[in-house]
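In what follows, a single structure is set out as structure tokens and then discussed.
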């Protein structure tokens, strides 16, 4: 028996990465593959404390249906936190979502007809590409350099492309490249989006994890017209297991997201939202973020140093000022998927970079995560990876 | 500034019901409108207990990312519980979703191209219609009677309709009608679906809340080909605030749901899944369901008795053997939306039935919930409602 699926399902396939990530669950594997935060930093005792208090104080309310928009006190606190990103917001601008991933799916649903064009950074976040694929768009990759998306290239593409519907960007410690956009490019992006009347989706799960320098204002902070949709997440600053993120947008635009949330799953978990809200009330999340940054920046330093010492010449990699990833470019003749196969035999994993290019190519690239492994494993893993690379040089 | 949305958004509008439900949050309102379970039955202390234990035992694992399919021990327990529905399943047949609502959204994504036909009961669950609408189908309503969908009508429609892609049914204590299908019709449905090679989506959030008589086997229990997709939920048997439901399907079909889950929001909340799993391990959910049934059946009895005593002649209503709703048919000249406006002035709310017919009409119908109000309020509310009806007779 073969059921008759929708056309869009032809494009939705199990990614090789998913299979790779399954292998990384073996305890002997040193994994630089996932985008997992360091679990040893999760504030388990504090979450235990707020879980108890929420059920004591809110009782049955914590277990009942709640509004689609989200738990009001949590929306208020997130609106306040948007100041960190240079954005003045009220709770009316905030929808609570199932991680920021859900905001990506909703973006596709709200903006994309089949065949519409999504402009994204080249490379871009795989999970966003997967989410958008359900709505059958065409991806057009905009070239990037160390300062983010190249604006001349964007302008050129906008001039010559029909049916562009959304510009999707990750301006802070981009996934997969670890790069951060300059302020000038952020402003220019907005100017171009305005000229072509396009929405910008600004995905920002990593911006708060800045190890050095000053956090640049978000693209949304320059938005006077309500065309930027900002996606935030607690997965990297607190923990991913609660599955809570948010969409911050102009009220009129946010209303579309709320309508779509209603049909998709009614609302985020009432109890999880109350727990998070209580956590933010009782504890200082920014203080907690400082602890995360201290650990991650040491891991990044050690990883970059080991790469410098061990990697053969001719390999370039980014030096991110925050976030979770570095991005390496191998000599053109080295296929990173083959390298990954070789590495996994030595119990080391990373994600081949080719998957982050929606239109293919760039098979000599790799995304390397430094947040999830301890320092000893980072050194051993990078050394083994260097051996594998040398064998393929 | 006006952004350019996808075509599907033309159909996705705020429902009047949503506005109505907002009014019902005023404490003075006696609401028969929502489909809310009785919060006084939520096992708050037990959930508090399992929340603590999960964080003590699983620690950071409860706060980390987990597999898209769901937490394995929970999937195993749900597979076991499928026996209640007459279904032999293993964890490989179970995906954990954000309530069964998310399974409906995924169904649309997986099966529906624009213009495809969804066959549903007339009337049908509003939330399913909303979920499917995102994928721009055409709804064809199949007439129903007290025994469920009328099979001769279904056969006739199948013979004469092109592009049918999905048959969506709620065979147990249907929302909104409260009706339950006979076993014969369940078998016949499967026979017809097989003849036309169609998937059946069997939505079953209420089946376990049977006050009398024996639970009929689910449609899925007769499925030898893997064409029935069964959607289950803990929202009505435990609590909705955790937002946990499941999809049970043949492995090949379930794989499509897992792929779509991955792109939509990666996974359900790790910690909530562990809490639920621990609850099922430590406590007897079926024992808890007995308590719910005892309360709801008394409320149903009282509501039906009060309706019998107070409603003017010429009003028909269903006498459900379980679930949350009864369904009333007013004389044709009474518009239930107008009645609802009148009732809310007297602080009584219900949902006008017209919204449950995707192609309109039937404005003389009403859905009345009996699970959420205590007995005193049921009597007062129904009396007031009767007064409003009399004024319109």
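A compact table of results
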| read-out | value |
| --- | --- |
| Restricting segment B:16-65 to residues that are at the interface with another protein chain (Cβ under 7 Å from one of its Cβ atoms) and not in a helix (DSSP H, G or I), the residue that is farthest from the chain's Cα centre (by Cα) | B:64 |
| Selection from segment B:263-276 of residues that are at the interface with chain A (Cβ under 7 Å from one of its Cβ atoms), in contact (Cβ under 8 Å) with a residue 24 or more places away in the chain and in a helix (DSSP H, G or I) | B:264, B:265, B:270, B:271, B:272 |
| Hey, residue A:184 away from chain B (no Cβ under 14 Å), at pLDDT 95 or above, farther than 21 Å from residue A:371 by Cα and surrounded by 22 or more Cβ atoms within 10 Å (Cβ to Cβ) or not | no |
| Residue in segment A:128-137 that is in contact (Cβ under 8 Å) with a residue 24 or more places away in the chain, in contact with a helix residue (DSSP H, G or I) (Cβ under 6 Å, 6 or more places away or on another chain), buried (at least 24 other Cβ atoms within 10 Å of the Cβ) and in a strand (DSSP E or B) present | no |
| Any chance residue A:309 is farther than 30 Å from residue B:234 by Cβ, within 23 Å of the chain's Cα centre (by Cα) and surrounded by fewer than 16 Cβ atoms within 10 Å (Cβ to Cβ) | no |
| Output for segment A:240-256, where each listed residue is crowded, with 24+ Cβ neighbours inside 10 Å and on the phi < 0 side of the Ramachandran plot | A:240, A:241, A:242, A:244, A:245, A:246, A:247, A:248, A:249 |
| Residue match in segment B:275-298 (condition: farther than 25 Å from residue B:38 by Cβ and surrounded by 23 or more Cβ atoms within 10 Å (Cβ to Cβ)) | no |
| Number of the exception - residue A:52 against (1) touching a helix residue (DSSP H, G or I) at 6+ places or on another chain (Cβ under 9 Å); (2) touching a residue at least 60 places away in the same chain (Cβ under 8 Å) | (2) |
| Test: residue in segment A:233-255 that is within 14 Å of chain B (Cβ to nearest Cβ), in contact with a helix residue (DSSP H, G or I) (Cβ under 8 Å, 6 or more places away or on another chain) and in a helix (DSSP H, G or I) | yes |
| Residue that is surrounded by the most Cβ atoms within 10 Å (Cβ to Cβ) [pool: residues in segment B:77-109 that are closer than 17 Å to residue B:252 by Cα and out of contact with any strand residue (DSSP E or B) (no Cβ under 9 Å at 6 or more places or on another chain)] | B:109 |
| Entirely in segment B:283-393, the helices (runs of 4 or more DSSP H) that have 2 or more residues that are under 29 Å from residue B:142 (Cα atoms) | B:285-310, B:336-345 |
| Criterion: more than 7 Å from chain B (Cβ to nearest Cβ) and touching a residue at least 24 places away in the same chain (Cβ under 8 Å) - qualifying residue of A:70, A:99 | A:70 |
| Residue that is touching a residue at least 40 places away in the same chain (Cβ under 8 Å), more than 14 Å from chain A (Cβ to nearest Cβ) and surrounded by 24 or more Cβ atoms within 10 Å (Cβ to Cβ), where the choices are B:177, B:221 | B:177 |
| Matching residues, segment B:204-215, being surrounded by 20 or more Cβ atoms within 10 Å (Cβ to Cβ) and part of a loop (DSSP other than H, G, I, E, B) | B:204, B:205, B:206, B:207, B:208, B:209 |
| Among the residues listed as B:258, B:229, the single one being assigned to a helix (DSSP H, G or I) and within 14 Å of chain A (Cβ to nearest Cβ) | B:258 |
| Hits in segment B:79-96 (condition: away from chain A (no Cβ under 12 Å) and not in a loop (DSSP other than H, G, I, E, B)) | B:79, B:80, B:81, B:82, B:83, B:84, B:85, B:91, B:92, B:93, B:94, B:95 |
| Residue identified as more than 9 Å from every other protein chain (Cβ to nearest Cβ) and free of Cβ contacts under 8 Å to residues at least 40 places away in the same chain among A:121, A:76 | A:76 |
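The values are calculated or read from the model by the stated rules, or taken from the named source; none is laboratory data. Quick caveat: nothing in here was measured; it's all calculated off a predicted structure. Cβ atoms come from the backbone with ideal geometry, glycine included; neighbour counts cover every protein chain shown.
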